[in-house]
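**Q** Structure provided below as structure tokens; questions to follow.
The values are calculated or read from the model by the stated rules, or taken from the named source; none is laboratory data. Model, not experiment: these values are computed from the prediction. Positions of Cβ are generated from backbone atoms using ideal geometry, with glycine treated the same way; all protein chains shown enter the neighbour counts.
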Amino acid sequence: MRIRLGVVGLGENWERRHKPALLRMSDKFEVRALYDEVAHRTRTQAAELECDAAEGFTCLIERDDVDAVYVLSTSWSGVEPIRAACHVQKPVYLARPFGSETAYADEAIEAIRSSGIRFMVEFPWRFYPATIRLMELLASGLGSPQLAFCQQTVLMPDRNASAFVRQDSDLNNVMLFMADWLRFVFSRDPIATATIGTCKLAAGPSRGFETLVAEFGEASVGQATLRRFVQPKWTDAAGFRPPPSFQVIAEHGVAYLDMPGEVTWFDQSGQHDETHELDRPLGEMLADRFYRIVVHGLNPSPGLNDAAWARSMMMQGQR
């Protein structure tokens, strides 16, 4: 069975992730129509894929020859494409999670929940081989995680304060990824979330940082830190001697991860260094998961509950 897709908003990962995956998986997907807020891009990509260029997202979603919807960008239309898909009971793949800045996100979440549509959100860090290997190590010998740390550095344009505000959406995506990764590693929902530090700077090589702490039970705590540096002048400084971005301290050992595939872990026998490769491109792994959710009834994961929790963790920390 092939899923006939409608694509709404091409997004920043269309060319390098989603389009190549959908073309290679032509036995499972057929793009029937696409719509982007830039009309020229809509026409160009539609001609390349030999599909229809839709004049709007509503008419695209309501087409009889569209079985499911890829929502890859919501910069202009917001959550309205998701609501439209819920109205006609069509599955949705969402590339950008609901952030604290997403207008009407609660209404969209409720629409998905009440409609019962199949829904998948893109949290790619779950699919990296380093994360998959970490979960195997925790289950097979390292034991339950007690502390987990993730840190990411984001490079920003050296512009004025208004440009800084325009970057908030992209930065929130990184924080959402980190929040979801922590919840995924601990394999349960947090009982409390807080921000222990936030600093925004208007000038200089750094634009500050923010740190989110989530408690997952007794002696189970995760910490996520986002650092902002200015590019291109300070790019080298931001990457100088970077520590492993992901660290997990478990009952019987410690693991350090460099995404996507480097894992160094320690147990009573000593140090172990491993390198793992992606079995297939990330876009194909994500598309295949969506296919199995829609066609075979696989439990949606990452799904609506994961998207709602990541947003909740960020908003609780901000409050």
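**Q** Among the listed residues A68, A39, A54, A46, identify the single one that is among the small types (G, A, S), surrounded by fewer than 13 Cβ atoms within 10 Å (Cβ to Cβ) and either within 17 Å of the chain's Cα centre (by Cα) or at negative phi (or both). Can you show your working first?
**A** Numbers: A68 fails: surrounded by fewer than 13 Cβ atoms within 10 Å (Cβ to Cβ); A54 fails: surrounded by fewer than 13 Cβ atoms within 10 Å (Cβ to Cβ); A46 fails: surrounded by fewer than 13 Cβ atoms within 10 Å (Cβ to Cβ).
Matching residue, one of A68, A39, A54, A46: A39.
**Q** Is at least one residue of the range 234-244 more than 18 Å from D306 (Cβ to Cβ), assigned by TED's automatic domain parsing to the domain that holds L257, of a type in the set (A, V, I, L, M) and modelled with pLDDT of 85 or more? Reasoning before the result, please.
**A** First, pick out the residues of the range 234-244 that are more than 18 Å from D306 (Cβ to Cβ): 234-244.
Among the residues that remain, those that are also assigned by TED's automatic domain parsing to the domain that holds L257 are: 234-244.
Still in the list and also of a type in the set (A, V, I, L, M): 237-238.
So of that shortlist, the ones also modelled with pLDDT of 85 or more come out as none.
Among the residues of the range 234-244, not one is more than 18 Å from D306 (Cβ to Cβ), assigned by TED's automatic domain parsing to the domain that holds L257, of a type in the set (A, V, I, L, M) and modelled with pLDDT of 85 or more, which makes the answer no.
**Q** Moving on. Against the condition more than 22 Å from the chain's Cα centre (by Cα) and surrounded by fewer than 20 Cβ atoms within 10 Å (Cβ to Cβ), how does H276 come out, does it pass? Lay out the reasoning, then the answer.
**A** Details: more than 22 Å from the chain's Cα centre (by Cα): no; surrounded by fewer than 20 Cβ atoms within 10 Å (Cβ to Cβ): yes.
Criteria not met by H276.
**Q** Still on this structure: Quick check on the range 208-241: of everything there that is among the charged types (D, E, K, R) and within 23 Å of the chain's Cα centre (by Cα), which residue is surrounded by the most Cβ atoms within 10 Å (Cβ to Cβ)?
**A** Step one: filter the range 208-241 for residues among the charged types (D, E, K, R), giving 210, 215, 218, 227-228, 233, 236, 241.
Pick out the ones that are also within 23 Å of the chain's Cα centre (by Cα) and you get 210, 215, 227-228.
Working: E210: 20, E215: 15, R227: 17, R228: 22.
Applying the filter and picking the extreme gives R228.
**Q** Kindly indicate the residue of the range 112-151 that is crowded, with 19+ Cβ neighbours inside 10 Å and among the small types (G, A, S) and also farthest from the chain's Cα centre (by Cα) among those meeting that condition.
**A** Looking at the filtered set, the residue picked out is A148.
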